[in-house]
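Please read the structure below before turning to the comments.
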Amino acid sequence: VLLWDVDRLLVIKRHEITASHVYTYHYEGFRAGGGLYIVSPLDPNREPIELVTSPTGQILDCDLSHDGKVALFSWRKQEDEGYHLWTINVDGTHLKQLTRGSWHDYNACWLPDDDIAFLTTRWPQFAYCWHAPVGVLHRMDADGSGIQKLSANYLNDFTPSVLNDGRILYSRWEYVDKPAAPIQSLWTVSPDGTLLSGYFGNQ
């Protein structure tokens, strides 16, 4: 759920994702159905406005542009393909696919310069103790071009977002003497990939 203004929320409707591990939510638990909607928090009886319907697919997450005009989301249109990044104007126009391929692109967020940070499994890495492909932090231009790897992590990164000072805040799995479920420490990195730093919770 994203707060858009006092009378509109951008929400995803989907079945619960039932993954076996904290790092497999992009890989397991696919259940088709749902979509991307605008709803009113002030009038719960108002009919939701459907931006994207996904009867054979699943929308994983979304973010709203700084001007509140464009929704960015990851969408797996059917079970035999990966999540990819899409945008749509909040008035329902200009649905556009930004990424393609046999991998997963997901957990995207808008950067201060209107480019996009996201996770991708496009490199051949896998969790040491499981068969799940590993998503790590990348960035790209707003049209899907100019993809650059920001993270050198060899295990999963998670859920990037942008702090008020422009740094990307995300969590990452540190495998050394730390289990996967309770230890997902917070890190920050500049949008150009410099100044990687532990933020909180790495002990």
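The values are calculated or read from the model by the stated rules, or taken from the named source; none is laboratory data. Quantities reported herein were computed from a predicted structural model and do not represent experimental measurements. No Cβ is skipped: glycine too gets one built from the backbone with ideal geometry, and neighbour counts run over all protein chains shown. For accessibility, only protein heavy atoms count, side chains too; no ligands or nucleic acids. Shrake-Rupley method; radii C 1.70, N 1.55, O 1.52, S 1.80 Å.
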Legend entry - Debye equation applied to the C-alpha atoms of the chain, log10 I(q)/I(0) at 0.12 Å⁻¹: -0.61
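Assigning unit charges at the beta carbon (Lys, Arg +1; Asp, Glu -1) and nothing else, what dipole magnitude in debye, to the nearest 20, does the stretch 83-141 show about its Cα centre?
Dipole of the stretch 83-141, to the nearest 20 debye: 300 debye.
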Legend entry - Diffusion constant of the stretch 121-162 at 20 °C, which comes from Stokes-Einstein with the Kirkwood Cα-pair radius and 1.002 mPa s, µm²/s: 189
Inset, instruction - Would you work out which of PRO55, LEU10, TYR25 lies farthest towards the positive end of the dipole of the chain, given +1 charges on the beta-carbon of Lys and Arg and -1 on that of Asp and Glu, about the Cα centre? - result: TYR25
Inset, instruction - With label points built 7 Å along Cα→Cβ from the Cα atoms of LYS69 and THR194, find their separation and express it in nm. - result: 3.1
Inset, instruction - Express in Å², to the nearest 10, the accessible area of LEU64 obtained by rolling a 1.4 Å probe over the protein heavy atoms while all chains stay in place. - result: 30
Inset, instruction - Note down the magnitude of the dipole of the stretch 43-147 about its Cα centre, charges +1 on Lys and Arg C-beta and -1 on Asp and Glu C-beta and zero elsewhere, to the nearest 20 debye. - result: 340
Inset, instruction - Kindly give the semi-axes, whole Å and largest first, of the ellipsoid equivalent to the stretch 94-153, taking each as the square root of 5 times a Cα gyration tensor eigenvalue. - result: 22, 13, 9
Legend entry - Loop-located trypsin sites (Lys or Arg not before Pro) in the stretch 43-92, at most 14 other Cβ atoms within 10 Å (DSSP): ARG46, LYS69
Inset, instruction - For PHE30, PHE73, PHE200, write out the residues from largest to smallest accessible area, computed with a 1.4 angstrom probe and no ligands counted. - result: PHE200, PHE30, PHE73
Legend entry - Charge dipole magnitude, Cβ of K and R +1, D and E -1 - the chain, Cα centre, debye nearest 20: 420
Inset, instruction - Measure off 7 Å from each Cα along the Cα-to-Cβ vector at GLU16 and SER102, then give the distance between these two points in nanometres to one decimal. - result: 3.4
